[in-house]
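Let me begin by presenting the structure, written as structure tokens, before commenting on it.
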Amino acid sequence: MADPFLVPGARVRLPGRPDWGLGQVQSVIGSRVTVNFEHGGKQLLNAAAVDIDVVDPETE
């Protein structure tokens, strides 16, 4: 099941790629998520295959 907080504009991190830094979701189409990371650039991710952690802006 998709994360209901994984929406355009959400801030995210990839536990498997901490070197990419903080990212912002650009689009979500099914399980395909496009994220623009501060150090990893724009990446197309399969949310069904990788862990994507939504960052709470209150604690960031």
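None of the figures in this text is laboratory data; all of them are computed from the coordinates on show. On a predicted model such as this, the values are computed, not experimentally measured, just so you know. A quick note on method: Cβ atoms are made from the backbone with ideal geometry, for glycine too, and the neighbour counts reach across all protein chains shown.
Quick look at the numbers
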quantity	calculated
Hypothetical label at Phe5: residues of the range 27-56 whose amide nitrogen lies under 13 Å (7 Å Cα-Cβ projection)	52-56
Percent of C-alpha pairs per 5 Å bin, the chain, short to long	4, 21, 36, 27, 10, 2
